[in-house]
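Colleague: Below you'll find the structure I mean.
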Amino acid sequence: MNVLARLRRQMLVALREIAPEAEVAPLAEMVTTAQDARFGDYQANCAMPLGKLLKRPPRDVAAELVAKLDTQGMCHPAEIAGPGFINLKLNDAWLTAQLQAAVADPRLTVTPVEQPRTYVIDYSAPNVAKPMHVGHIRSTVIGDALYRVLKFIGHRVISDNHLGDWGTQFGMIIYGYKHFRDESAYQDKPVDELSRLYRLVHRIIAYYEGRDELPILETKVAAAKEACEKLDRVASDKLDKDALKKLDKDKKRAQDNAASVAGEWNALQSKLAAEEADAAFIDLARKHATIQTAVLTETAKLHAGDAENHRLWQEFMPPCLSAIEEVYRRLGVTFDVTLGESFYHPRLAEVVDDLAKRGLARESDGALCVFLEKFAAPMIVRKKDGAFLYATTDLATIRYRMQTWQPDAILYVVDHRQSFHFEQLFALAQIWDCAGVELRHISFGTVLGKDGKPYKTRSGDTVGLTGLLDEAVSRARKIVDDAEKGAPRGQELNHEARAHIAEVVGISAIKYADLTHDRNSDYEFSYDKMLAMYGNTATYMQYAYARVRSIFRRGEIDVDALRQSGAKLVLVEPAERALARQLLRLEEALEQTVADYRPNMLTAYLFDLADAYSTFFEQCPVLKADSPTTRDSRLLLCDLTARTIRQGLELLGIPVVEQM
RNA sequence: GCCCUCGUAGCUCAGGGGAUAGAGCAUCGGUUUCCUAAACCGGUGGUCGCAGGUUCGAAUCCUGCCGGGGGUACCA
């Protein structure tokens, strides 16, 4: 039941009687949840602008709207406050009846959308050739949550993992395999060995790139220094106030720039020095001085159908895929289809031909480019060496998705740094093959470390995803064990139970911490914060759930029997009513989540629900209630709370534990 | 240079036209013969980066500026 939507619909009816039709829709949208419980449960703010429009006192308009508003029994007679706020309070009898219906409803009265759409969601998309790392959390977790929510509210949704399984990384491990492989290690643990090879090849390439970069940086340092000196020489006594101000600003900029370039040079210098101190590595690097081009050659051979490279690719894929699968298994993430870059390879030439044929692409500096008016830089679809790019694959992918699923929307859950790419891609797609389709870049910010910079290990390496999960689980385990050592409760948990709780709590902490932040913001990664027992964390939500469930265990209540018993809900205490009202808002929360594809709307709802439950739990004894009627009613509230939390967490991709 | 983003309490973050701007942490104080204290209740703490503008009403929308991050022709 979406109370808000129904109230808006009714308000629309009332508005039609007194306002011009063109103005009616946005005015009806001005019904919202109340800002403050003192104002009731919902409020309508449309009387003020409408009063302005009709040149009538807003309070009069409000009064007329109230008179014409039929809340269909949902609310008490509305009250008018302040300049013309219309405050709506849910009728307790109606509220009770709604929840009573939820007791027997597996969907908790969430009704499927009236007009289902078809969505394709593109998320996670790791590179197969290298281990998944911290950067994959957000896309995977946000994408999975959106997938679940959209599907739950009744849309047709296809999740597609667009794997990076065809790019330069494969050239790198093929090169590594051919030159550096430890055969027994490869036979023993192929993924570990391939990942070692990837890192080794990457390290050598980085070393050579660094050596190429160093002189460039040196000239930059010199140029920056000179720019500073030049500004210092400017005769400031001849300048007026504004020009002086500008000069100071320019100086500061120049100095900042000089400092940052010098810093870069320093960092690179010491990094290269460190590499050069490693005699064995340098020896290896010297023997593979042409590695940069050699890797590209291996990649090109793979793409051209070279028998050996293709065989190696086929050999590498299964173990790499199963390593990735293992991570998804722990995260509880699944995909309907997994169509990586390799799948689209045979379709790229056709895409490029089509673009050229339709006059959308033309050659420039040897590359085939699409120039769109809006953008300063062209979109390159074929390099001058004939190779295709990211953009080409994305275009082929869009076309395939259009042909295969005829989606109404395609969502790309990809980090914000690629927004320019998507702007171009969507602009082109609209004039090319898929006008009218909602193409959305669901962008998200960066996971930061304590220093406010992208989260890295102490040595500056990217953090592997598996290690990250392990760490969270081991910290969760410590918390579980510590809690067990504390106040004895007579319900000791055995080793297996604790291990299971730690796995669930640890991993859900990471997922929830990610989902609870606005996706556009960067956020600081902190095990301590995400595993905290207070505040908006998965641990707290899990605990809230376990605490509800504990009542049923302690009271030896048969929940199914309770639900079918016909026991009546009765709302008496303010805490009961507040909880009830919150329980009935699940559908509103889901709608908000989907409106701009923001899972933090759902976590916020769940946290508020847990909060309402906590107050209820403190103030309203359940098992020791005064009467059997009150007890049953409260048990029903507990059951609905537990189910709503479980359902909500499940929609976020987070399982629950019955006991902690 | 241009484009995109962010700037809210000491810290980490919500709130994205409505009434007195919220939460958690930190800090100060209170609550356990009582269903999980891994909890709850209360206090302290804010010129919502700055300046204009639109509006009956701006943290929220617009413009400019300041500051952080990101992107900007053959990587993905």
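Colleague: Dipole magnitude of chain A about its Cα centre, charges +1 at Lys/Arg Cβ and -1 at Asp/Glu Cβ only, in debye to the nearest 20? Before the final figure, lay out each step's value.
Modeller: Working: 84 positive and 93 negative charges, 193 e Å.
Roughly 920 debye, rounded to the nearest 20.
Colleague: What order do you get for A:424-432, A:158-166 when each peptide is scored by the mean count of other beta carbon atoms within 10 Å, highest first?
Modeller: Values: A:424-432: 18.2, A:158-166: 22.7.
Top of the packing list down: A:158-166, A:424-432.
Colleague: Of the peptides A:410-420, A:224-234, how do they stack up when ordered by the mean number of other Cβ atoms within 10 Å, highest first? Write out the running numbers ahead of the final one.
Modeller: Working: A:410-420: 18.8, A:224-234: 14.1.
The peptides rank, most packed first, as A:410-420, A:224-234.
Colleague: Could I have the simple spin-label model distance between A:L623 and A:S236, label points 7 Å from Cα toward Cβ, reported in nm to one decimal?
Modeller: Distance between the two pseudo-spin positions: 7.7 nm.
Colleague: Could you work out the relative contact order of chain A, using alpha carbon pairs under 8 angstrom and six or more residues apart, expressed as a whole percent? Walk me through the numbers on the way to the answer.
Modeller: Values: 901 pairs, mean separation 101.3, N = 660.
Across chain A, relative contact order equals 15 percent.
Colleague: DSSP loop (so not H, G, I, E, B), at most 15 other Cβ within 10 Å: list which trypsin sites (Lys or Arg not before Pro) in the range A:66-156 pass both filters. Kindly include the intermediate steps, with their values, before the conclusion.
Modeller: Values: sites: A:K68, A:K89, A:R107, A:R117, A:R138, A:R148, A:K151, A:R156; in loops: A:K89, A:R107, A:R117.
Here the sparse-neighbourhood loop sites are A:R107, A:R117.
Colleague: Nothing charged except the Cβ atoms of Lys and Arg (+1) and of Asp and Glu (-1): what's the magnitude of the dipole of the range A:330-433 about its Cα centre? Round to the nearest 20 debye. Could you put the intermediate results ahead of the total?
Modeller: Details: 12 positive and 14 negative charges, 19 e Å.
With Lys and Arg at +1 and Asp and Glu at -1, about 100 debye.
Colleague: A further question on this structure: Enumerate the helices in chain A for which the Kyte-Doolittle hydropathy averages 0.0 or more and the C-alpha atoms extend at least 18 Å along the helix's axis, using complete DSSP H runs.
Modeller: A:3-18, A:135-152, A:291-304, A:419-432, A:495-516, A:600-619
Colleague: Follow-up. Give the peptides A:503-511, A:215-223 in descending order of average Cβ contacts within 10 Å, highest first. Spell out each step's value before the answer.
Modeller: Values: A:503-511: 24.3, A:215-223: 13.4.
Taking the mean over residues of other Cβ atoms within 10 Å, the ranking is A:503-511, A:215-223.
Read-outs throughout are calculated quantities, based only on the coordinates presented, and are distinct from any laboratory measurement. Predicted model only: the values in this text are computed from it and were never measured. Neighbour counts run over all protein chains shown; Cβ positions are idealised from the backbone, glycine included.
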